[in-house]
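Enquirer: This is the structure, below, for whatever I ask next.
Please treat every number below as a calculation from the coordinates, not as lab data. Note that this is a predicted model, so its numbers are computed, not measured. With ideal geometry, Cβ positions are generated from the backbone for all residues, glycine too; neighbour counts draw on all protein chains shown.
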Amino acid sequence: MVEFTNQELADIHYMYGLADGRAPEAKRLYQERFPNRVTPDRRTFSNIHRTLAETGTFKPNNQLKGAHRTTRTPEVEEAVLNSIDENPNISTRQIGNNLNISHILVWRILHDFLLYPYHIQRVQALLPRDFPLRINFCQWFLEKIAQNPLFDCEIMFTDEANFSRNAIRNFHNNHVWAEENPHAIVNFNNQEQFSVNVWAGIVGDHLIGPHFLPNRLNGADYRQFLEEVLPELLEDVPLQVRQNMYFMHDGAPAHFSLVARQYLDDEYQDRWIGRGGPHPWPPRSPELNCLDFFFWAISKP
């Protein structure tokens with residue numbers, strides 16, 4: 001962490017005044033005037049001006065030594081912000097340990113500079129050949145929306161997800177409220193494992209299913225589900241919706257089987273979306289399926 005002398009702090013503030021409060025210009029002027037000095041970060045200029053205006057001094061004299069310091073100075077602010085610039089993934093506790101300051105002070109500095117800890121999002125990896133297929137599908141979808149603003153409510157989006165014992169419990173959300181530690185435990189790492197393959201569909205504001213499918217789904221089993229089970233699951237959906245409904249599924253091997261495609265051609269004609277169908281579903285596009293980006297996310301802990 002850079003420690004500025006009183007003279008350097010005075011020069012920093014003087015350059016900030018010459019630049020009419022423009023930190024980037026103040027940094028340029030300081031570098032030209034003092035080429036042999038360490039040039040402060042541009043935020044240091046505004047920080048020092050604010051500290052002087054609020055406290056009447058460049059460097060408060062009540063800095064604590066030894067234990068974590070809690071005094072906020074321009075040098076501390078600059079060091080915290082530089083830490084974020086060098087490593088955006090660093091934690092406030094790690095910054096505090098590195099600079100020998102309280103992590104609460106680190107958090108306040110970052111908050112005052114409008115910096116927030118955003119969660120990293122997992123996204124689907126794409127191949128170069130995927131982009132034209134995604135564009136073609138989206139263009140077709142937008143054309144249908146232009147013709148019928150409620151077209152998206154006429155598509156039954158479907159998907160399957162696997163639930164296993166290892167994906168049932170989230171320990172971050174598990175706790176026990178008590179006056180004393182009850183030393184509560186939960187069984188984990190069971191030798192007996194299980195998994196289930198769950199199918200679900202959404203059309204408009206209707207949730208279809210869920211329904212359990214075989215873990216190893218083949219074309220014949222999927223055709224049997226489409227022909228015998230799905231009509232029963234759709235009984236509560238209004239007849240008008242079923243008559244105009246588009247059926248959508250992804251390109252899983254069982255979905256692409258000849259027997260499944262033959263049934264969809266007979267039952268839905270040109271009103272189905274999927275691999276090998278009249279309207280191809282672009283591969284690796286979970287963000288286009290509400291089951292993928294929403295329903296399974298809240299169903300799986």
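Enquirer: Label-point separation (nm) for THR57 and LEU127, each offset 7 Å from Cα along Cα-to-Cβ?
Expert: 6.7
Enquirer: Counting other C-beta atoms within 10 Å, which of MET245, MET156 has the fewest, and how do the rest follow?
Expert: With the fewest neighbours first, MET245, MET156 line up as MET245, MET156.
Enquirer: Shifting gears a bit: Relative contact order (percent) for the range 6-112, with alpha-carbon contacts under 8 angstrom and 6 or more residues of separation?
Expert: The normalised contact order for the range 6-112 reaches 18 percent.
Enquirer: With +1 on the Cβ of every Lys and Arg and -1 on the Cβ of every Asp and Glu, and nothing else charged, how large is the dipole of the range 6-112 about its Cα centre, in debye rounded to the nearest 20?
Expert: For the range 6-112, the charge dipole is close to 220 debye.
Enquirer: Right, another one. For VAL237 and LEU142, FRET efficiency with R0 = 22 Å and r from the beta-carbon atoms, rounded to 0.05?
Expert: Once rounded, the FRET efficiency stands at 0.30.
Enquirer: I need the peptides 126-132, 8-14 ranked by packing, meaning the mean over residues of other C-beta atoms within 10 angstrom, with the highest value on top.
Expert: 8-14, 126-132
Enquirer: Then there's this: For LYS27, LYS144, which order do you get if you count the other beta carbons within 10 Å of each Cβ and list the fewest first?
Expert: Fewest to most other Cβ atoms nearby, the residues stand as LYS144, LYS27.
Enquirer: Using a simple spin-label model with points 7 Å from Cα along the Cα→Cβ vector, what separation in nm is obtained for PHE294 and SER91?
Expert: 3.4
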